[in-house]
Amino acid sequence: MATELRSPDSMPCHNQQVNSASIPSPETLRPGDPTPDYVGGNSTSKAKPTLLTSHAHSSVLGEGSPQACSSASLSQEHNHGSGNYDASAGDSFLRDSQLSWQIGAQLKLLPMNEQIRELQTIIRDKTASRGDFMFSADRLIRLVVEEGLNQLPYKECTVTTPTGYKYEGVKFEKGNCGVSIMRSGEAMEQGLRDCCRSIRIGKILIQSDEETQRAKVYYAKFPPDIYRRKVLLMYPILSTGNTVIEAVKVLIEHGVQPSVIILLSLFSTPHGAKSIIQEFPDITILTTEVHPVAPTHFGQKYFGTD
């Protein structure tokens, strides 16, 4: 289940200690009780599991005070290479992080775990091979698509098992489709088809006009009854948000309401997410990370044109 952004005071930092009440004190042990690994022993004993509350990434938002998570790494990427993190970038990061708290419940984040963090790291690593990049990207896409499907409406149903047992379950309501924003959005199509074999997928081609540098729609093809469907709009990287805003305008022209659009992305900047939701307050954005620097090389590296 995706995590909605909440107040910083309600979410622990990665560096904060887990509530000690969840770990029994050694003084409560009685003779004959087995001795846990964390009691006595040397530092090389088996590490105990740590309980973590599912929440948004520490690199996304400053949980608690900004100083509390000062050890979070800030990878500084640029469109034409990588640079060193400096004070001005840090100020921008903190400012954008505070803005991201104000975006609202329409922005949903996948719960953070080490698997997702590793996939994000490989995708951002400029030294990663294209094979590793594509493998990690496809895995992350699948996770986002699965959670996107979880946002769709469903209804209860009853089925009969091979043993004759009546099982109370659920099934998704009909009337869903996907729309990819070409070209990078096409990287997410296979992940959607892997989950929904017969789903219809439309396409939008939007590029910057050479003279005005504004986003311009060059091509749009949708299912004829798209105005009746829930739409999974696919675009992996939200940088400025301008491309998605133009795509949503095209969908609205075809009768689609923003309230039935779920935008699936892998990475977003605070500015990009904020711009989209300010323009369309009813749209839902689902992503894995909000960070002031997005991996804008994604499309080129995925399709081998970098």
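Annotations
- Selection count, segment 200-215, where residues are surrounded by 16 or more Cβ atoms within 10 Å (Cβ to Cβ) and touching a Cys at 6+ places or on another chain (Cβ under 9 Å): 2
- Each residue in segment 216-248 was checked for being open to solvent by 10 Å² or more (accessible area, probe 1.4 Å), within 24 Å of the chain's Cα centre (by Cα) and either within 25 Å of I123 (Cβ to Cβ) or without any contact (Cβ under 8 Å) to a residue 60 or more places away in the chain (or both), and 9 pass.
- Once segment 244-276 is narrowed to residues that are touching a Leu at 6+ places or on another chain (Cβ under 7 Å) and polar (S, T, N, Q), the residue that is modelled with the highest pLDDT is S265.
- In segment 274-306, of all residues being touching a Gly at 6+ places or on another chain (Cβ under 7 Å) and of a type outside the set (V, I, T), the one that is nearest to E118 (Cα to Cα) corresponds to L286.
- Taking the criterion of being out of contact with any His (no Cβ under 9 Å at 6 or more places or on another chain), open to solvent by less than 20 Å² (accessible area, probe 1.4 Å) and closer than 27 Å to K126 by Cα, the residues of segment 280-298 that qualify are I285, L286, T287, A294, P295, F298.
- Inside segment 249-306, residues that are among the aliphatic types (A, V, I, L, M) and free of Cβ contacts under 8 Å to residues at least 12 places away in the same chain make up a count of 1.
- Identity of the residue in segment 170-185, out of contact with any Phe, Trp or Tyr (no Cβ under 8 Å at 6 or more places or on another chain) and modelled with pLDDT under 95, that ends up most open to solvent (accessible area, probe 1.4 Å): K174
- Here the condition is being open to solvent by 70 Å² or more (accessible area, probe 1.4 Å), in a loop (DSSP other than H, G, I, E, B) and modelled with pLDDT of 50 or more; of K155, K126, it holds for K126 alone.
- Any chance R197 is under 16 Å from V260 (Cβ atoms), open to solvent by 40 Å² or more (accessible area, probe 1.4 Å) and modelled with pLDDT under 95: no
The values are calculated or read from the model by the stated rules, or taken from the named source; none is laboratory data. A quick note: this is a predicted structure, and the numbers were derived from the prediction, not measured. Please note: Cβ atoms are built from the backbone with ideal geometry, for glycine as well, and neighbour counts cover all protein chains shown. Accessible surface areas use protein heavy atoms only, side chains included; no ligands, DNA or RNA. Shrake-Rupley method; radii C 1.70, N 1.55, O 1.52, S 1.80 Å.
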